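K.L.:
Pasting a structure here, questions to come.
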Amino acid sequence: MGETVRPKGLEGLSKSYDPAPIEDKWYARWIEDGIFKADAKSGKPPFSIVIPPPNVTGSLHLGHALDNTLQDILCRAKRMQGYNVLWMPGTDHAGIATQNVVERALREEGHSRESLGREAFVKRVWEWKEEYGGRIINQLKKLGASCDWNRERFTMDGGLSRAVRKVFVELYRKDLIYRGKYLINWCPRCLTALSDLEVEHKETEGRLYSVKYAFADGKGSLTVMTTRPETIMGDVAIAVHPRDERNRHLAGREVIVPICGRVIPVIEDNLADPEFGTGALKITPAHDPNDFLVGLRHGLEQIQVMDDRGRMNENGGKYAGMERFEARKAIVSDLAEQGLLAGEERHGHSVGHCYRCDTVIEPYLSEQWFVRTRPLADEDVRAVKEGQIRFVPEQWAGTYYQWMENIRDWCVSRQLWWGHRIPAWYCDDCGEVIVSLDEPETCACGGKLRQDEDVLDTWFSSALWPFSTMGWPDETDELAAFYPTSVLVTGFDIIFFWVARMIMMGCEFMEKPPFRDVYIHALVRDEKGQKMSKSKGNVIDPLVTIEKYGADALRFTLAALTVQGRDIFLSESRIETYRFFLNKLWNASRFALMNLECAACDAGNCGEGALRLHDRWIIARMSEVTEKMTELLDGYYFGESAKLMYDFVWGELCDWYLELSKPALRGDEGPMRKAASQSVIYAVFRDVLKLLHPIIPFTTEELWSAFGYGEGIIGRAEWPEPAALEDASGVLSDMDFLQALARAMRNLRAEAKLPPQKQVPVMCLRLKDVSGDKAAVVSENADLVSLLTKVEKTELLGAGEGKPPQCLSTVTGEWELFFPVGELLDVEKEIKRLGSELEKLEKETERTRAKLSNANFIDRAPAEVVEKERAALEAAESQKKRIEENIASLA
RNA sequence: GGGCGGAUAGCUCAGUGGGAGAGCACCUGCCUUACAAGCAGGGGGUCGUAGGUUCGAAACCUAUUCCGCCCACCA
C-alpha cells in the first residue's frame, strides 16, 4: 500500500463481456513480451512440464483442450509464484496416422505410396507436415497455452531422431532389444505389425463351428471346435489335456485335417480345456498366439495359410487368393458338403481390431524387433512404489502396477515408411547384423549392407520425449535445469502407451524417472456421459466454442468440471453458465472502475480508522481465499479452485462487499471513507485478478490493464500472499451476524409480501446478550443494514423491553427479530408459520436430548462435542420458548 | 477370469466420523443507473440395498444390486 495509481478506467471496456477483441490482442502481446520463455540459466527454482505431444495430424479436440488448460493453469500460476517455468511444446509424427492421411491424399490424385517409391513418399509427408502440421499448434495458441514456443519440437527433428537411434543402439547392446520371428498382431490394411496395446478388443458375435477330424486309421473321428475354420489348413496337431480322462487315450493317434487331407498327431498339452466342447483343440501355430506357444513347446511346424493382406496363400489350396472371410464361408460350406461339419452355434467372443483403421487384426508370423520389457519394468515399479513418482489421483498407480506386472515384450518395428528407420543393417553375404548409430559403409566381410526397411513404433520416440526434447544425449543446460520434469498432465488412456514407457526410458537412460507427479485427468464426455464421436454427432468442437464464448469461458468450464477421479460431462449450457461468471467479473470490474476513475487510490489517504467492518471483512476473506487458492492449485484441485473463486467473487465480493461500499463510493460517508473504499476495492480486485489469471488469462489481462496496476502485464505480477489481519476472526463473525440479520429481515419482508423497494420504517431486534459486541455491530452499521434491507431503522430492544404488537418474528439462538406490520398481519398464517418452525425445533431438541441422555455419548464423545450439544440444546430450548411466547402474544 | 471407478435434490456433481450442500432447472417478487448473462426470497433428498464397526456413519468395513471403464492367451 501507499502507492498512487491512476486506473485507465472504462475506456474500451464493452458493456458486457465480449472475448473476441481481447484474446488475439493479448496473446500477441504475451509472445512479444517473451513471458513464456524459459531460461535454462535462471537462478529461480525450476518448474517444468513437457506437453503430451499431439499428433501432427491432429485437430484440437476437447481432450486436448482440457489437458492443455490444466497444464496452462499450473504453468501460469508457477510463473507468478516466482518459478522458472518451462512448458515444452511440440508434436508427434504419429506414424500410421500421418502415413494414412498422406496416402489418402495420394489416392485421390490417382497415386499410391508404392507408385511414388519410399524416398518420394517420405518427402511428400514432410511437405504435408510443413503445410498442415502447424495447425494444432495454432489451435493451442487460441486456447491460450503459454508454451515456450521457441522450443517447439517434433519427434522426427534431427536431435530427437539422434536420441532415438542412440537409445535403440544402447538397448541392443544391453540385449534389451532383439529381433525374431514371432506371431505378432498384424493389420492387413495398414500392412504393419502392431503392439499389443494398439489392438482394440471388441466383443463380437461370431460362430463356433464343430468340425470332424477323421482318425487316420479309419476308426471313427474326433470333433474339434473352432471360430476360425479358414485356418484349418494351418493345423499341425490336435491337443488334449494330459489329465482329461475322456480324451487322454487319444494322444499318439493321428487324424486327417479336413479339406487338405494332411495327417497330424493328437498330442497332450495343458492348453486344451477338458471342460470346453469335446476337450480337443486344433493347433494352428502360425495363426493363433496360444497355438504358437504350443507349437514351440512341441516343436511343431508353422504353416502360414494367409498373406500379409489377409488373403489365403499358396498353402490355402483351392482357396488361394481368397479373402479371409470369404474363405471362411467357402470352407464352412465345403465342410458341410463333405459331412464334416458337426455343428454351428452363435458364439460371442472378443476380436482384435486395428486402433487406427478398425480392421480385424490377424495374428501373423513375421520377423520383428522387440524390446525386452521385463528387466526394465521391475525397476520402474520399484521407483513408483518408493514414491519417486506420485500418481494423482493415487488410484492410477494401481492401474499402472497391474499392467507393468504383467507386461510382455514390446514389438517396436512397424512396416511403414513414415517414422524413425531402424538403425540395423544386414549383410546378405555373411548374414551379419549391424546395429549402429551411424550408417556403416560395408560389412567386415566386404559385403554390401542393406538397412532394415522398417521404422519404429511412434511411441518409441515419444517415450524419450521428456529428455530428447531437452537435447539428450548431449549434456545440456536444459537437462540440468529442467529434468526431471515437475509434473506430467495427461489422460488415463495413454498410461500404458506413453506414461509407462517414458518411465521405462527415463529410468534407464537418465537414471531418474522423468517426472515427479503424474496428474491423470478424466475423459471429456457429452452431457449424457457418452464418448464424443463424429459418428454419434455429439462432438463439441473447442474451436467453435472458443469462437462463440471465448477461450476463457471454455477454460473456466473445463477447470470447474475437473474433479479428481471423475469423467467430465460437458454440454454447451454448462459453458454458458460459466460464461455468465466471466460477465459478472467483467461488470463488477466496470463498476469498480467507474468508481476509481480519475481518483487517486492512495492507500495513505485512509488510515486503519477509515475502514469499516465490511472493508475489514473483505480483506480478511481475500486473505483466506488467497491461501486456499494457492493450496488447491498445488494439490491439483482444479475444480475446487475454480469454484472457490466463483463463490468468492460472486457470492461475497459482488453480492455483499460491492453493495455495501456503494454509499461510501458515492461520497455519502465523506472523503476519507470514499478513499478508503476505493483503496480496498483496488487492492481486492488486484488479488482477485491475479488468482484468476491462471484459469482465465485473457479476461484478467484485459481487466488488469484497465485497472492500471503498476506491475506491467499480469503474467509478470507476483502471486499474492495472504495478509495477516488483526482480529480477523472477530471481523468474520461480526459480518456473519450482520449477514444473517439482513437475510432474516429480507425474509420477513418477503413473508409480508412487500415489494423489495418499499421502505419499511422499523424492525426491532432483541439480542440475547444485550450488552455484547453485537449490539455495537448493529448500531455502528445501522446504515448498512438499512441499505441491505430497506428497513429504515433497526431498533434495539433493551432487556425486558416488550416487543411492539402485530409482529412477524424470527427467532434464532442469539436474537429475535420483530417486524411490526400492523393491520397487514395475517394472524392465522403467522401462527401456522411459527408453529411449523416450532415443530422443526422440537424434532431437533428431541434428538439432542436423546443424545445427551445417552451415558455412552457423555463418556466417549470428545468433551467439546458434548459441550456443543449441550449449548445447542439450551439455545434451541430458549428459542422454542420465545417462539411459543410470540405465538401466545398473537393469539 | 483379474482389476478400477461410480451410485447424494428433477439434472450435473461437491461433501473421508459430530444431524446433508452448490450450480443449473423449478416457484414467487423485482428493469434497485456494474451486471435481466442480473437482484432478493422459496420449495425440493429415509445420501443404491443389507449387515457391521462406533456414543455417533452419506462418509469406515463386509456383502449385494445396478452403471461405466481397463486388462487378459474365452478354441
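The values are calculated or read from the model by the stated rules, or taken from the named source; none is laboratory data. Small disclaimer: the values here were computed from a predicted structure and weren't measured. Please note: Cβ atoms are built from the backbone with ideal geometry, for glycine as well, and neighbour counts cover all protein chains shown.
K.L.:
Considering only segment A:159-206, state which residues are within 24 Å of A:Phe467 (Cα to Cα), within 12 Å of RNA strand B (Cβ to nearest atom) and not aliphatic (A, V, I, L, M).
P.N.:
A:Ser195
K.L.:
Which residues, taken from segment A:733-782, are within 16 Å of RNA strand B (Cβ to nearest atom) and in a loop (DSSP other than H, G, I, E, B)?
P.N.:
A:Ala752, A:Lys753, A:Leu754, A:Pro755, A:Pro756, A:Gln757, A:Lys758, A:Gln759
K.L.:
Still on this structure: Being within 16 Å of RNA strand B (Cβ to nearest atom), surrounded by fewer than 17 Cβ atoms within 10 Å (Cβ to Cβ) and in a loop (DSSP other than H, G, I, E, B) is true for just one of A:Lys15, A:Lys41. Which residue is that?
P.N.:
A:Lys15
K.L.:
A:Gly339 is checked against (1) surrounded by 13 or more Cβ atoms within 10 Å (Cβ to Cβ); (2) over 43 Å from the mean Cα position of the chain (by Cα) and fails just one. What number does that condition carry?
P.N.:
Failing condition for A:Gly339: (1).
K.L.:
If you scan segment A:466-482, which residues turn out to be within 21 Å of A:Asp92 (Cβ to Cβ), part of a helix (DSSP H, G or I) and either of a type in the set (A, V, I, L, M) or in contact with a Phe, Trp or Tyr (Cβ under 8 Å, 6 or more places away or on another chain) (or both)?
P.N.:
Matches in segment A:466-482: A:Pro466, A:Phe467, A:Leu479.
K.L.:
Taking only segment A:296-337 into account, find how many residues are closer than 12 Å to A:Ile232 by Cβ and charged (D, E, K, R).
P.N.:
2
K.L.:
Another question, then. Name the single residue, out of those in segment A:551-571 being small (Gly, Ala, Ser), in a helix (DSSP H, G or I) and within 12 Å of the chain's Cα centre (by Cα), that is surrounded by the most Cβ atoms within 10 Å (Cβ to Cβ).
P.N.:
A:Ala559
K.L.:
I need the full set of residues from segment A:468-485 which are buried (at least 22 other Cβ atoms within 10 Å of the Cβ) and among the β-branched types (Val, Ile, Thr), in order please.
P.N.:
Across segment A:468-485, the qualifying residues are A:Thr469, A:Thr485.
Residues checked against (1) over 30 Å from A:Gln759 (Cα atoms); (2) without any contact (Cβ under 8 Å) to a residue 60 or more places away in the chain; (3) in contact with a helix residue (DSSP H, G or I) (Cβ under 6 Å, 6 or more places away or on another chain):
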| site | (1), (2), (3) |
| --- | --- |
| A:Glu795 | no, yes, no |
| A:Glu801 | no, yes, no |
| A:Lys832 | no, yes, no |
| A:Ser836 | no, yes, no |
| A:Val865 | yes, yes, no |
| A:Ala876 | yes, no, yes |
| A:Lys881 | yes, yes, no |
| A:Glu884 | no, yes, no |
| A:Leu890 | no, no, yes |
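K.L.:
I would also like to ask the following. List pairs: first residue in segment A:467-488 and free of Cβ contacts under 8 Å to residues at least 12 places away in the same chain, second residue part of a loop (DSSP other than H, G, I, E, B) and among the aromatic types (Phe, Trp, Tyr) anywhere in the structure, Cβ distance under 9 angstrom, at least six positions apart or on different chains.
P.N.:
From residues that are free of Cβ contacts under 8 Å to residues at least 12 places away in the same chain, there are no pairs.
K.L.:
Separate question: I need the full set of residues from segment A:764-812 which are at pLDDT 90 or above, buried (at least 16 other Cβ atoms within 10 Å of the Cβ) and of a type in the set (Lys, Arg), in order please.
P.N.:
A:Arg766, A:Lys790 - these are the residues of segment A:764-812 that are at pLDDT 90 or above, buried (at least 16 other Cβ atoms within 10 Å of the Cβ) and of a type in the set (Lys, Arg).
K.L.:
Scan segment A:843-865 for residues that are of a type in the set (S, T, N, Q), assigned to a loop (DSSP other than H, G, I, E, B) and near RNA strand B (Cβ under 6 Å from one of its atoms) and report the count.
P.N.:
1
K.L.:
Can you pull out the residues in segment A:322-363 that are aromatic (Phe, Trp, Tyr) and either out of contact with any strand residue (DSSP E or B) (no Cβ under 9 Å at 6 or more places or on another chain) or more than 14 Å from A:Thr227 (Cα to Cα) (or both)? Steps first, please.
P.N.:
Taking segment A:322-363 first, the residues aromatic (Phe, Trp, Tyr) are A:325, A:355.
A:Tyr355, the sole residue that qualifies.
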